[in-house]
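The values are calculated or read from the model by the stated rules, or taken from the named source; none is laboratory data. Given the structure is predicted, the values throughout are model-derived calculations rather than measurements. Neighbour counts run over all protein chains shown; Cβ positions are idealised from the backbone, glycine included. Calculation scope for accessible area: heavy atoms of the full protein, side chains included, ligands and nucleic acids excluded. Shrake-Rupley method; radii C 1.70, N 1.55, O 1.52, S 1.80 Å.
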Amino acid sequence: MITPVNGAIDLKVTHCIYHKRGMSRTVLNSTPIFARFTLAVATLLILSTSTAQAQDWFKTETSSGAANIRIAVADFKASSSDTQTVPFKGTFDTTLYSDLANAGIFDIVSKSLAPQSSPGTPAEMNLQQWSAPPASAAMVAFGSLGVQGGRLVANGFLFDVKNTQYPQVLAKQYSEDPSEDSARQIAHRFADEIIFRLGGGIPGIAETKIYYVKIAGGNKEIWEMDYDGANQHAITSLGTVTLSPRISPDNSRLAFSSLGKDGFQIRTYSLLLGRMVNFAGVGGTNLSPAWAPNGKDIAYSSSRSGDPEIWISDINGALARRITTFKGPDVSPVFNPRTGSQIAWISGRTGLPQLYIMDVDGSGVTRMTDGGYATSPSWSPNGQFITFAWNRKYGPGAPGGQDIYVMEVATKKWIQLTHDGGRCDFPSWSPDGRHITYANTADGRADHMRIWTMLADGTQKRALTGTGGDMPNWSWK
Amino acid sequence: MSPNSMRLSKVFAMTVAVLALGAVTGCHKKSSGIDPNSLGPTNGPTSAAPSATITADPLAIDLGQSVVLNWRTVDATVVTIDGIGQVNANGTQTVSPSNSTNFHLTAKGDGGTVEANVRVTVRVPVAPTVPASSGNLPGDMGSDAEFHKNVQDAFFDYDSYELRPDAQAATSQAAAYFASHPAIKVVIGGYADERGSAEYNLALGENRANAARTALTSAGVAPTRLRVISYGKEKQFCTEENETCWQENRRAQFTLDR
């Protein structure tokens, strides 16, 4: 998995064999990255031809040599006797613990191993208690929270347990209108401060949003939720089929594709104004918008010329120019968010849809996948990887599922992140590059889709929504 | 050809395949230790079995047009084609069938008899059966029931937007109907089965609807009378997970554009 080293991301590959019968597990190797990868692929090929009993999984691991920081979170101390304090503190404690556990960079001390004390101030902190086994924490977060004078006030601290002389790493104070949501947002902000300090300077994602399609009867609307699945609510109420929500880099505007009298058209919604804003309508089917990282261009699939091609326009639909010219479906573009100068997309020019990349002027077309049925690319924030959905054995009557994969752009080497869990689609990177959200339907039924997150190595999978959630798109910040 | 007869022929083909498979397996069991060359026709190992192929160009024509048959045989002494009679071992002939015809070639030789087939589809324009009162008045498109009686949807192969012969027949029949009913305007809806990605299937549906649109405009229907909308897999005719159902959903649908 993933540990930040000067903003870079390392993926490590572990090759596991799970024997279905007996469930014995053999870890063949766990050494760094893709050097081992070729060997693993070769082993996979040999095994898959020699025995049907063995099932091979590639699994990426966290940590690139350095162990994850072991962190403990004390329940915050109630700082007032206001009746609202207790429920808000419960929400805050749960959210803070969950944010740090989900960050992907910590070895978190489980609540059952942590000391029972709730130090509210540095003076009440007994470091010895937290550094000793079984907690054995390297860092501890603690503080106080309560409703005082009509405000929800929290004081949060982060201490380096080993540095007994100057243990304080962080001290933060928050004051908000008292509400359940405020308690959650304060916890997210404090968690992001901790993650920013201890996570190699990459901002945390606890304050980010996920936009998605909510399936409701025959209609599909665009909804928004917090990154952890809380606070799910509707954005659009267009009363039709609306697909492929994509949030602008500055979080101000949503682009999506919506079915009207003349078919699917690109439409945009301003989150600042709380209403639809104009995007020039054109002929043909218009699909799958994608924001350039500068926030000034939108790439999308348009069949105004009679064949679905990739076009780029400004964010009002003006100055549209065609990028691809090849018969067959071209769809699902996404910019390289690091450079803004490349586009990955899906093309059916040679038959089944494959993943391609090209420069934004349409030159340098490179096919990335070697077969199967590839869809729904999302480019990692550092530009190094593309995650996408792939059914490698696709064909009439062929077995095999559609799973989430990550490919390294420079080498075209890939790893598989989901296995045997039903059809997966629409992966989307988190802005810290450590997480991927995606949609999955365990039984294959489209209306049973739900939204999940996982770490970018395929571990810590968690469902964020119930059934009826599809096409998630993670905000840029 | 209707989807039903397509299905029947598919079932037939599969049955043949299964039987052939069974035959091969049986052979294996018997032939252990036997020279495989000694198997096969009994009339002497010296006479090779004849082989034959027959092709037609084009495979589908309109009524009144002609098609060129082209056949090649090897090691055959007597070659006949049903409806034509005895012919040379290799040859071509121009024919103009009045309805869809299976050209059946039989080649007999010392080594046995083989057969070859080619089917030529003849598109017969459907005479407008609509009563004059509801047919040709300007601005009157007629009823939906009438429309669907005369215009069939075009169906597609898996992950394909090419018009199959049955879809070509459907579009040429639809074109003839539109020609005789100038008031009719049409929405061509593009659909895909539920497998694969929503975004890709919308693009594929667009290609399917456009393939039908191109066929209609080539047949003389004014482009202004046609409107294309892709629904991808967002609207389904059938929601079960089997090939019959998926085939129902892979289509270009013609509806009146009111």
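Things worth noting here:
- Subset of region A:414-438 (residues that are assigned to a strand (DSSP E or B) and in contact (Cβ under 8 Å) with a residue 40 or more places away in the chain): A:Ile415, A:Gln416, A:Asp425, A:Phe426, A:Pro427, A:Ser428, A:Trp429, A:His435, A:Ile436, A:Thr437, A:Tyr438
- Selection from region B:236-258 of residues that are β-branched (Val, Ile, Thr) and either away from every other protein chain (no Cβ under 11 Å) or open to solvent by less than 60 Å² (accessible area, probe 1.4 Å) (or both): B:Thr244, B:Thr255
- Residue count for region A:331-389 under the criterion of being touching a residue at least 24 places away in the same chain (Cβ under 8 Å), farther than 24 Å from A:Met471 by Cβ and among the small types (Gly, Ala, Ser): the result is 1.
- If the condition is being exposed (fewer than 12 other Cβ atoms within 10 Å of the Cβ) and under 14 Å from B:Val118 (Cβ atoms), then region B:64-91 contributes only B:Gly83.
- Residue list for region A:420-462, restricted to those being among the charged types (D, E, K, R) and either within 14 Å of another protein chain (Cβ to nearest Cβ) or on the phi > 0 side of the Ramachandran plot (or both): A:Asp420, A:Arg423, A:Asp425, A:Asp443, A:Arg445, A:Asp447
- Top-ranked residue in region A:202-218 [being surrounded by fewer than 16 Cβ atoms within 10 Å (Cβ to Cβ), assigned by TED's automatic domain parsing to the domain that holds A:Arg253 and not aliphatic (A, V, I, L, M); ranked as modelled with the lowest pLDDT]: A:Gly217
- A Cβ distance below 8 Å, combined with a sequence gap of six or more or placement on separate chains, defines the contacts here; from region A:303-319, residues that are more than 14 Å from chain B (Cβ to nearest Cβ) and of a type in the set (A, V, I, L, M, F, W, C) reach residues that are open to solvent by 30 Å² or more (accessible area, probe 1.4 Å) and assigned to a loop (DSSP other than H, G, I, E, B) in the pairs A:Ile312/A:Ala320; A:Ile312/A:Val360; A:Ile315/A:Lys296; A:Ala318/A:Ala280.
- Test: residue in region A:262-282 that is at the interface with chain B (Cβ under 10 Å from one of its Cβ atoms), within 24 Å of the chain's Cα centre (by Cα), open to solvent by less than 10 Å² (accessible area, probe 1.4 Å) and of a type outside the set (Asp, Glu): no
- Among the criteria (1) open to solvent by 40 Å² or more (accessible area, probe 1.4 Å); (2) under 19 Å from the mean Cα position of the chain (by Cα), the one A:Asn382 does not fulfil is (1).
- Options A:Thr375, A:Thr369, A:Thr411, A:Thr465; residue that is at pLDDT 95 or above, part of a loop (DSSP other than H, G, I, E, B) and within 14 Å of chain B (Cβ to nearest Cβ): A:Thr369
- Among the residues of region B:206-225, those identified as closer than 24 Å to B:Asp157 by Cα, more than 8 Å from chain A (Cβ to nearest Cβ) and touching a Phe, Trp or Tyr at 6+ places or on another chain (Cβ under 9 Å) are B:Arg208, B:Ala209, B:Ala211, B:Ala212, B:Leu216, B:Ala219.
- Restricting the search to strands (runs of 3 or more DSSP E) fully inside region B:27-139 and requiring at least 1 residues that are within 23 Å of the chain's Cα centre (by Cα) and either at pLDDT below 70 or of a type in the set (S, T, N, Q) (or both) gives B:51-57, B:67-74, B:91-95, B:101-109, B:112-123.
For (1) assigned by TED's automatic domain parsing to the domain that holds A:Phe190; (2) at pLDDT 95 or above; (3) farther than 18 Å from A:Thr459 by Cα, each residue gets a yes or a no:
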residue	(1), (2), (3)
A:Ser64	no, no, no
A:Ala74	yes, yes, yes
A:Phe88	yes, yes, yes
A:Leu100	yes, yes, no
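- Residue-level analysis places B:Tyr158 outside the set of residues that are aromatic (Phe, Trp, Tyr) and crowded, with 20+ Cβ neighbours inside 10 Å.
- Considering B:Lys233, B:Lys185, the condition of being touching a residue at least 40 places away in the same chain (Cβ under 8 Å), within 8 Å of another protein chain (Cβ to nearest Cβ) and open to solvent by 10 Å² or more (accessible area, probe 1.4 Å) is satisfied by B:Lys233 alone.
- Top-ranked residue of region A:325-349 - restricted to ones that are in a strand (DSSP E or B) and among the polar types (S, T, N, Q), ranked as farthest from the other protein chains (Cβ to nearest Cβ): A:Gln342
- Filter result for A:Ile195 (more than 27 Å from A:Ile69 (Cα to Cα), out of contact with any His (no Cβ under 7 Å at 6 or more places or on another chain) and at pLDDT 95 or above): no
- Conditions (1) within 21 Å of the chain's Cα centre (by Cα); (2) open to solvent by less than 50 Å² (accessible area, probe 1.4 Å); number of the one not met by B:Gly196: (1)
- Among residues of region A:308-345, those that are open to solvent by less than 40 Å² (accessible area, probe 1.4 Å) and under 13 Å from A:Pro381 (Cα atoms), counted: 5
- Take the conditions (1) open to solvent by less than 20 Å² (accessible area, probe 1.4 Å); (2) over 18 Å from A:Thr242 (Cα atoms); (3) facing chain A (nearest Cβ under 9 Å); B:Gly190 misses just one of them, which is (2).
- Selection within region A:447-462 - without any contact (Cβ under 8 Å) to a residue 60 or more places away in the chain and part of a helix (DSSP H, G or I): A:His448
- Residues of region A:237-250 classified as in contact (Cβ under 8 Å) with a residue 40 or more places away in the chain and out of contact with any helix residue (DSSP H, G or I) (no Cβ under 8 Å at 6 or more places or on another chain), total: 6
- Unique residue being aromatic (Phe, Trp, Tyr), surrounded by 18 or more Cβ atoms within 10 Å (Cβ to Cβ), in the same structural domain as A:Arg338 (by TED's automatic domain parsing) and modelled with pLDDT of 95 or more when the list is A:Tyr405, A:Tyr394: A:Tyr405
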